[in-house]
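Undergrad: Take a look at this one; I'll ask things after.
All of the numbers you see were taken from the coordinates with simple rules; none came from a lab. Please read all numbers here as calculations on a predicted model, not as lab measurements. Here the Cβ positions follow ideal geometry from the backbone for every residue, glycine too, while neighbour counts run over all protein chains shown.
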Ligand SMILES: NC(=O)c1ccc[n+]([C@@H]2O[C@H](COP(=O)([O-])OP(=O)(O)OC[C@H]3O[C@@H](n4cnc5c(N)ncnc54)[C@H](OP(=O)(O)O)[C@@H]3O)[C@@H](O)[C@H]2O)c1
């Protein structure tokens with residue numbers, strides 16, 4: 001069902017995106033692995049060499065306007081048109097409305113909201129064009145990583161959370177717009193995942209370890225990746241469109 005499909009995976013240099021690249025290549029899906037760090041993408045390519053699906057790294061910053069078009073074109077040059085796009089790249093921001101660093105708000109909104117909006121538009125336009133050409137016989141998947149804090153308001157993390165609320169609404173709206181073309185637009189809402197995310201965002205790691213102590217074992221990126229792998233391998237007429245997964249012991 002999935003073998004030979006072609007995927008673009010953003011945020012593939014770390015965490016959930018990296019685990020998705022690993023799960024996909026095991027199934028024979030070819031992966032254009034995107035992120036800013038060329039070195040880390042090269043390490044992912046080396047680690048996954050010899051799998052049924054191949055990895056080609058493509059470094060770049062997702063806040064650049066033509067980012068998605070470049071990724072889709074690179075995948076097409078390599079193997080042909082992509083039929084899976086996983087938007088995993090994202091950033092965190094610690095702090096409350098009063099306590100967060102206001103100098104980082106614009107960067108966060110640019111990366112977590114505007115860049116995702118551009119990715120959704122560019123990918124859905126491309127997928128719709130191909131679906132019109134093949135009558136939607138081939139299913140196409142756009143998978144976006146939201147968050148439990150994009151569903152339930154978090155007083156501790158509202159600035160980051162609000163970018164995820166916005167993304168959740170875009171995903172459902174786009175799902176309604178393109179579903180008749182057999183394009184599945186899927187939202188994945190993880191709770192706490194132990195990845196590079198907390199350190200990259202500058203979260204207080206003592207606080208994070210206390211959370212892990214209270215609510216853990218936390219999810220690992222492979223837990224989320226296995227769900228995404230399951231979603232894209234469903235038959236064309238089946239769409240698991242919105243999945244929330246948490247560590248079992250996480251209350252909110
Ligand atoms: N970890 C959690 O607890 C958790 C929970 C719910 C949702 N999420 C969401 O899950 C997604 C993946 O997070 P993760 O946990 O896998 O974190 P991660 O390990 O920090 O991975 C984030 C990825 O995003 C890429 N990235 C960040 N800014 C970028 C930019 N401007 N341009 C291109 N790539 C960029 C990073 O690559 P480079 O640094 O190489 O660019 C990295 O590959 C995010 O959307 C996050 O909001 C995470």
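Undergrad: Among rounded, prolate and oblate, which fits segment 6-245 when a ≥ b ≥ c are the square roots of the eigenvalues of its C-alpha gyration tensor, a/c under 1.5 means rounded, and a/b larger than b/c means prolate?
TA: prolate
Undergrad: Taking the number of other C-beta atoms within 10 Å as the exposure measure, put 30, 64 in order starting with the fewest.
TA: Fewest-to-most Cβ neighbours within 10 Å comes out as 64, 30.
Undergrad: Let me ask another. With r as the distance between the Cβ atoms of residue 64 and residue 207 and R0 = 30 Å, compute the FRET efficiency 1/(1 + (r/R0)^6) and round to 0.05.
TA: It comes out at approximately 0.35.
Undergrad: Same structure, new question: If one takes the longest principal axis of the Cα atoms in the chain, at what angle in degrees, from 0 to 90 and to the nearest 10, does the Cα axis of helix 221-232 lie?
TA: 40 degrees
Undergrad: Relative contact order for segment 60-113 using alpha-carbon pairs under 8 Å, separation at least 6, rounded to a whole percent?
TA: Once normalised by length, the contact order is 30 percent.
Undergrad: What spacing in nm lies between the two simple spin-label points modelled at residue 3 and residue 250, each 7 Å away from Cα in the Cβ direction?
TA: Between residue 3 and residue 250, the simple spin-label model gives 3.5 nm.
Undergrad: Let me ask something else about it. R0 = 25 Å: FRET efficiency of residue 241 with residue 138, Cβ-based, nearest 0.05?
TA: Given R0 = 25 Å and the Cβ-Cβ separation, E is 0.85.
Undergrad: Now, a different point. Could you calculate the contour length gain from residue 151 to residue 104, that is, 0.36 nm times the residue separation minus the distance between their Cα atoms, to one decimal place in nm?
TA: 14.7 nm
Undergrad: Quick one: 128, 164, fewest Cβ neighbours within 10 Å first, how do they rank?
TA: The most exposed by this proxy come first: 128, 164.
Undergrad: For the chain, find the longest principal axis of its Cα atoms and tell me its angle to the long axis of helix 67-78, 0 to 90°, nearest 10.
TA: 40 degrees
Undergrad: A follow-up question, please. Could you order peptides 157-163, 246-252 by the average number of other Cβ atoms within 10 Å of their residues, highest first?
TA: Ranked by mean Cβ neighbours within 10 Å, highest first: 157-163, 246-252.
Undergrad: Based solely on its DSSP helices, what 222 nm [θ] is calculated for the chain when runs of n ≥ 4 H residues each add -39,500 (n - 2.57) and the sum is averaged over all residues, nearest 500 deg cm²/dmol?
TA: Calculated at 222 nm, the ellipticity per residue is -13500 deg cm²/dmol.
Undergrad: Quote the relative contact order of the chain in percent (integer), defining contacts as alpha-carbon pairs under 8 Å separated by 6+ residues.
TA: 20 percent
Undergrad: Continuing with the same structure: For the residues 147, 125, what sequence is obtained by ranking on other C-beta atoms within 10 Å, fewest first?
TA: 125, 147
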